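Derivation of every value follows stated rules applied to the coordinates shown; laboratory data play no part. These numbers come from a predicted model, not from an experiment. Reconstructed Cβ throughout: ideal geometry from the backbone, glycine too, with neighbour counts over all protein chains shown.
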Amino acid sequence: MENNKAILNTGLRGVTIASTRISDVIGDVGKLIYRGYLVQDLAQHASFEEVAYLLLYETLPDKDQLQTFEADLTSERHIPNEMITALKTIPKNALPMDVLQSSISMLACHDTGIQETSRDAFYRMAIRLTAKIPTIIASWHRIRSNQEPILPSAELDHAANFLYMLKGAVPDDEIARFFDVALILHAEHSFNASTFAAREVASTRAHIYAAVSAAVGSLSGELHGGANVRVMQMLLEIGSLAGVETYVKETLNAGKKIMGLGHAVYQTDDPRAHILAPMSKAMGEKTGATQWYEISTQLEKTAKAAFKQLKGRDIYVNVDFYSGSLYYNMGIPVDLFTPVFAIARIVGWAAHVLEERFGDAAPKPMLYRPESEYTGDYCGPDECKFIALEKR
Ligand SMILES: CC(C)(COP(=O)(O)OP(=O)(O)OC[C@H]1O[C@@H](n2cnc3c(N)ncnc32)[C@H](O)[C@@H]1OP(=O)(O)O)[C@@H](O)C(=O)NCCC(=O)NCCS
């Protein structure tokens, strides 16, 4: 049999595979909308907890609903002692995203209601995951630094509590709010790679931990959540304003990518970058390390112009371009930037798993099962005949 089929490696670009009521990314005008609200509006006025409620429960909470939700999150922050013991057995140089992914599966093992499939059970698990992921990441960082994990504080909100558990000091209000806003901006982004992974796993009727574990694996890649780490490594490599021009020229001439630029959906600057940039600037001024923001703005200008000259079209900044320098000046270790992304995105993943399982879309979502085109061999007109090992 001849096989002359075309290779269709499109990465599903432009293919609509499901309906969602959670968020919309309007790429040509640079709008990101969570359940009808512009992300800029939420970042300016809401807390991460309010946005998490909005994404999970479809409406903004009233005072009582918010209080109950915050109390539920706070009461779920602890992780089992057995998990702390298990974390202590992991090699200290393990990649934090691998530690997080294994820990999500461990949480499933410790969930006594793991086989429950009701909507309430899924919400309970979504809240557990949202509450415990920051504790896992902070605990792992302490353990690998030969320090004891710090117990969560019930006095602090979600953002401040993570920074406290990570560094052992309560952050000042401005820093806590910067982190809170960064979490809001990273909470949801429609059918990106990790959310698609979560929904695909959820479509098999696997539990939410399995879906979230797959999503964490997907987020770890440098073209997705790993890009913020690569952005900071790039800024450190450039080192000073004087190094920007050469870096851009050499990178583009070598056909390599400049991290934090380009996006599969936006055809303009990512609106989240415009909120992160001033926070990165303010954070630099607070710590006295203004160079990372300065290098970033110079790099943005130079790279955009050089890309236009080279390719005859525009390229734009994405969410990762300014988040790296913001987190760096907050004292978050570079290799925790992607796990920090997961602290926010767990809410989006959970909302999508809930929608996949319990949403009111008609027709209901089906098991994901795309087709592929086989472009391999058939050994002539018929299929290949098996050759015994000794004859190969
Ligand atoms: C995010 C990303 C994968 C988007 O992918 P995409 O829209 O499918 O774009 P492609 O990777 O197919 O690239 C399209 C073209 O733009 C170029 N390009 C895209 N992003 C680029 C970047 N950051 N630096 C330099 N060139 C870039 C590609 O080389 C390609 O050029 P060509 O058409 O001449 O071959 C891509 O822009 C990228 O790798 N960016 C860097 C990593 C990053 O910041 N990721 C975080 C995303 S939120």
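Data for the structure
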{"read-out": "Neighbourhood charge, 12 Å Cβ-Cβ cut-off, centred on LEU241 and excluding it, Lys, Arg +1 and Asp, Glu -1", "value": "-1"}
{"read-out": "HN-Hα J in Hz across the stretch 44-58 - Karplus 6.51, -1.76, 1.60, θ = phi - 60°, x for Gly and Pro", "value": "7, 10, 9, 9, 4, 4, 5, 5, 4, 4, 4, 5, 7, 9, 6"}
{"read-out": "Relative contact order for the chain, counting Cα pairs under 8 Å that sit 6 or more residues apart, in percent", "value": "25"}
{"read-out": "Charge sum, other residues only, whose C-beta stays under 13 Å from ASP173's C-beta, Lys/Arg counted +1 and Asp/Glu -1", "value": "-2"}
{"read-out": "Percentage, to the nearest whole number, of Cα pairs in the chain over 33 Å apart", "value": "35"}
{"read-out": "The stretch 207-270 and the stretch 17-74: distance between their alpha carbon centers, rounded to Å", "value": "26"}
{"read-out": "Value of [θ]222 nm, deg cm²/dmol, for the chain, DSSP H segments ≥ 4, -39500 (n - 2.57) each, nearest 500", "value": "-17500 deg cm²/dmol"}
{"read-out": "FRET efficiency estimate (nearest 0.05) - Cβ-Cβ, SER145 to LEU95, R0 22 angstrom", "value": "0.90"}
{"read-out": "Neighbourhood charge, 13 Å Cβ-Cβ cut-off, centred on ILE208 and excluding it, Lys, Arg +1 and Asp, Glu -1", "value": "+2"}
{"read-out": "No Cys partner within the rule (Cβ under 4.7 Å), the chain", "value": "CYS109"}
{"read-out": "Scattering curve values for the stretch 227-328, log₁₀ I(q)/I(0), Debye with Cα scatterers, q = 0.11, 0.12, 0.16 Å⁻¹", "value": "-0.29, -0.34, -0.62"}
